[in-house]
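Beneath this line is the structure, given in structure tokens, with notes to follow.
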Ligand SMILES: Cc1cc2nc3c(=O)[nH]c(=O)nc-3n(C[C@H](O)[C@H](O)[C@H](O)COP(=O)(O)OP(=O)(O)OC[C@H]3O[C@@H](n4cnc5c(N)ncnc54)[C@H](O)[C@@H]3O)c2cc1C
């Protein structure tokens, strides 16, 4: 900004202190600093937060190796032969977990460093330490030997969450693990029991199955991935079964104990499942205790999440909150958007409230499951009036060529108008393929807009256009 522009500024941009350097915090810091706000960010671990250091980046890096192994095994059907001594590629390919985890850690640290440099380049002040609110404008930072008081016009809380533990299944970091601890393993678990079939449990079960572990997934529900598209969950269960991944449905893990050389999981009906390791994925708890929220007048929900409105305001006038600590939707992309919205509101920039019906997300299982907008379950519940077309990828020429056998495209359009309101993609690369549908949902495009857009032949996206074509409303 030139000095002339500076002089013509109608008001001073408010300063901002941010508690927590994950996507909710660092994205907000970048936007605020770029707008001329004086920004201080307080972080106790490292920039990027749990998203970069223990959750998103490490898990997706591990999954990239599993994907690569799955592709190698599947490539034998495309005519690739390997000089495997025993002729069986499934046993000849070996995942070196020490090397994989080494790569995971380096990549996460590099990503964290990139974020720190980006923030520093924008003039954001980074304070490493544990912060707590003294009032709605003040954070006290415990830096070990010293304490520091940070004051700002407004505060953004983005402290994230940590893995929930079962009292009867305490992680020991060796055999009973939470998802932050698997990157310290040097040996691939021979028999891994995953407790919890939500997104995190399903992703790790799929990944370790791909890496070569014998995996048992303990699911308390009828189907894995409760709350997600039921057709997608069914495809995933079929693939799990084909790949030898055992799913124990309607089974609740009551306790996990160590044995001499492994673990034993006791289920609700008293039966026991034995394995070498157990990974517990039973949700998260917000990091909202003992950080002075009561003193700052910030109200919590009964689950301990910070109450926020659509523009990330809390119950305290100067305090905003973003990310997993708000319990709105535990996604890095949503945390980042909440943080940006908070900044836009703070500085008086054009701001529109968070629109959850536009959020696209992906489950990085094999195959991947991506979705956006209104779900079929919401149509069935009568929340929206819509039409659905589901097209299997089995008839897609490109899918056949690439030996992609599992998956589908589903598009949901508003009944009568044909406006695209939702969609699901199951298949390899679903996280990329969902984008045209997400764009259509965000921009309120008509199914004809997608149908009449050229797609490459042959391509998987051809099926997106074809599904849209089948939703054409004849006027
Ligand atoms: C295994 C796993 C995989 C996931 N994969 C994906 C994915 O693929 N895509 C996706 O969108 N989302 C994914 N998520 C969800 C995603 O990780 C979270 O939604 C995201 O991290 C939320 O960001 P955040 O900024 O709210 O919190 P975090 O990333 O948790 O950051 C919060 C930060 O605040 C710091 N902090 C907390 N308290 C204090 C304090 N008192 N003082 C100083 N610092 C403090 C913490 O150290 C932490 O660094 C995944 C989650 C898990 C568990």
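Among the residues of the stretch 235-254, those identified as closer than 18 Å to residue 191 by Cβ and surrounded by 13 or more Cβ atoms within 10 Å (Cβ to Cβ) are 240, 243, 245, 246, 247, 248, 251, 253. Being away from the ligand (no atom under 15 Å from the Cβ), at pLDDT below 95 and assigned by TED's automatic domain parsing to the domain that holds residue 212 is the requirement here; does residue 261 meet it? It is true that residue 261 is away from the ligand (no atom under 15 Å from the Cβ), at pLDDT below 95 and assigned by TED's automatic domain parsing to the domain that holds residue 212. For the stretch 173-198, the set of residues classified as farther than 16 Å from residue 61 by Cα, within 15 Å of the chain's Cα centre (by Cα) and within 12 Å of the ligand (Cβ to nearest atom) consists of 198 only. Of all the criteria given as (1) more than 14 Å from the ligand (Cβ to nearest atom); (2) touching a helix residue (DSSP H, G or I) at 6+ places or on another chain (Cβ under 9 Å), the one not satisfied by residue 98 is (2).
Apart from one condition, residue 231 fits all of (1) closer than 30 Å to residue 389 by Cβ; (2) surrounded by 15 or more Cβ atoms within 10 Å (Cβ to Cβ); (3) without any contact (Cβ under 8 Å) to a residue 40 or more places away in the chain; the exception is (3). The residues on offer are 71, 125, 132, 117, and the sole one that is assigned by TED's automatic domain parsing to the domain that holds residue 146 and without any contact (Cβ under 8 Å) to a residue 40 or more places away in the chain is 117. Cβ separations smaller than 8 Å between residues 6+ apart or across chains give no pair from the stretch 51-68 residues that are free of Cβ contacts under 8 Å to residues at least 40 places away in the same chain to residues that are more than 9 Å from the ligand (Cβ to nearest atom). When the criteria are applied in full, residue 213 fails the requirement of being in the same structural domain as residue 275 (by TED's automatic domain parsing) and surrounded by fewer than 20 Cβ atoms within 10 Å (Cβ to Cβ).
Each row is one residue, and each column tells you yes or no for (1) farther than 30 Å from residue 369 by Cβ; (2) in contact with a strand residue (DSSP E or B) (Cβ under 9 Å, 6 or more places away or on another chain); (3) surrounded by 14 or more Cβ atoms within 10 Å (Cβ to Cβ).
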residue	(1), (2), (3)
62	no, no, yes
99	no, no, no
104	no, no, yes
117	yes, no, no
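Given the criteria more than 20 Å from the chain's Cα centre (by Cα) and either free of Cβ contacts under 8 Å to residues at least 12 places away in the same chain or within 14 Å of the ligand (Cβ to nearest atom) (or both), does residue 218 qualify? Answer is no for this residue.
The residue that is farthest from residue 197 (Cα to Cα), counting only those in the stretch 254-267 that are free of Cβ contacts under 8 Å to residues at least 40 places away in the same chain and not in a strand (DSSP E or B), is 260. Check off (1) within 26 Å of residue 226 (Cβ to Cβ); (2) within 14 Å of the ligand (Cβ to nearest atom); (3) free of Cβ contacts under 8 Å to residues at least 40 places away in the same chain for residue 323 and give me the number that stays unchecked. The single condition residue 323 does not satisfy is (3).
Just the residues that are more than 9 Å from the ligand (Cβ to nearest atom) and buried (at least 22 other Cβ atoms within 10 Å of the Cβ), please, taken from the stretch 287-315. Across the stretch 287-315, the qualifying residues are 293, 296, 298, 306, 308, 312, 314. Residue count for the stretch 318-359 satisfying the condition of being in contact with a strand residue (DSSP E or B) (Cβ under 9 Å, 6 or more places away or on another chain) and in a loop (DSSP other than H, G, I, E, B): 7. When residue 167 is tested against (1) free of Cβ contacts under 8 Å to residues at least 60 places away in the same chain; (2) surrounded by 15 or more Cβ atoms within 10 Å (Cβ to Cβ); (3) out of contact with any helix residue (DSSP H, G or I) (no Cβ under 9 Å at 6 or more places or on another chain), only condition (2) is not met.
Does residue 379 qualify as being away from the ligand (no atom under 16 Å from the Cβ), over 20 Å from residue 468 (Cβ atoms) and assigned to a helix (DSSP H, G or I)? In short, no.
In this structure, residue 383 does not satisfy being modelled with pLDDT of 95 or more, under 30 Å from residue 208 (Cβ atoms) and surrounded by fewer than 24 Cβ atoms within 10 Å (Cβ to Cβ). Based on what the data block shows, is residue 40 within 16 Å of the ligand (Cβ to nearest atom) and in a strand (DSSP E or B)? So residue 40 passes the test. Counting only helices (runs of 4 or more DSSP H) that fall entirely inside the stretch 426-475 and contain at least 1 residues that are under 24 Å from the mean Cα position of the chain (by Cα) and without any contact (Cβ under 8 Å) to a residue 40 or more places away in the chain, the qualifying elements are 430-442, 461-469.
Go through (1) within 15 Å of the ligand (Cβ to nearest atom); (2) under 26 Å from the mean Cα position of the chain (by Cα); (3) crowded, with 16+ Cβ neighbours inside 10 Å and name the single condition residue 138 misses. That leaves (2) as the condition not met.
The values are calculated or read from the model by the stated rules, or taken from the named source; none is laboratory data. Worth saying up front: this structure is predicted, and the values here are computed from it rather than measured. Neighbour counts are summed over all protein chains in view; Cβ atoms, including those assigned to glycine, are modelled from backbone coordinates with ideal geometry.
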